[in-house]
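J.: Quick one: structure below, then a few questions.
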Amino acid sequence: MEITELYQNVYVGILLFMAFLLFACLLRAILGPSMADRVVAVNMMGTMVIVMIAVFTLLLGEGYLADICLIYAMISFLAVVVLTKVYTGVYLEKKQQQEENGENKEESENG
């Protein structure tokens, strides 16, 4: 068995393991109890896809895949920033509505 075949087997094993972890993160993103868990799971999925593309770069020996990996990293970063911004806006809006509802209840009780 040559060293290149050994490396290919290692790369395939890493890709299979990463695929399992990616599926676990997908489950956390769907079933996560809070929105923060979902955002972290999506971020982790993006990171794992970047690692998988990097492993594919080594496996196939194609240098252009490294460029795709870098572009995907930038897009993943922007996606997480946007998701966090949206989540923060929704959280602040709910908090403001709860405060307004609490004030309305106090006013009606004090009548």
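We did not get these values from a lab; they are worked out from the coordinates using the rules stated. Values in this document were obtained by computation on a predicted structure and should not be read as measured data. Positions of Cβ are generated from backbone atoms using ideal geometry, with glycine treated the same way; all protein chains shown enter the neighbour counts.
Let's see how each residue does on (1) of a type in the set (S, T, N, Q); (2) farther than 30 Å from I3 by Cα:
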| position | (1), (2) |
| --- | --- |
| F23 | no, yes |
| A29 | no, yes |
| D37 | no, yes |
| N43 | yes, yes |
| V49 | no, no |
| L70 | no, no |
| S76 | yes, yes |
| Q97 | yes, yes |
| N104 | yes, yes |
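J.: Tell me which residues, restricted to the range 1-49, are charged (D, E, K, R) and surrounded by 13 or more Cβ atoms within 10 Å (Cβ to Cβ).
T.: Of the range 1-49, the ones charged (D, E, K, R) are 2, 5, 28, 37-38.
Listed by number, the residues that qualify are R28, D37, R38.
J.: Evaluate the range 72-79: report whether one residue or more is surrounded by 10 or more Cβ atoms within 10 Å (Cβ to Cβ), free of Cβ contacts under 8 Å to residues at least 40 places away in the same chain, of a type in the set (S, T, N, Q) and in a helix (DSSP H, G or I).
T.: Yes, there is a match, as at least one residue in the range 72-79 is surrounded by 10 or more Cβ atoms within 10 Å (Cβ to Cβ), free of Cβ contacts under 8 Å to residues at least 40 places away in the same chain, of a type in the set (S, T, N, Q) and in a helix (DSSP H, G or I).
J.: So E62 clears everything in (1) closer than 30 Å to V10 by Cα; (2) in a helix (DSSP H, G or I); (3) among the acidic types (D, E) except one condition, right? Which one?
T.: Checking E62 against (1) closer than 30 Å to V10 by Cα; (2) in a helix (DSSP H, G or I); (3) among the acidic types (D, E), the one that fails is (2).
J.: Another one. Which is touching a helix residue (DSSP H, G or I) at 6+ places or on another chain (Cβ under 7 Å), touching a residue at least 24 places away in the same chain (Cβ under 8 Å) and not basic (K, R), of M52, M44? Step through it out loud before you land on a result.
T.: Values: M44 fails: touching a residue at least 24 places away in the same chain (Cβ under 8 Å).
Sole residue among the options that is touching a helix residue (DSSP H, G or I) at 6+ places or on another chain (Cβ under 7 Å), touching a residue at least 24 places away in the same chain (Cβ under 8 Å) and not basic (K, R): M52.
J.: Specify which of the listed residues (T84, T57, T88) is among the polar types (S, T, N, Q) and under 30 Å from T4 (Cα atoms). Walk me through how you get there before you give the answer.
T.: On the way: T84 fails: under 30 Å from T4 (Cα atoms); T88 fails: under 30 Å from T4 (Cα atoms).
Result of the check over T84, T57, T88: T57.
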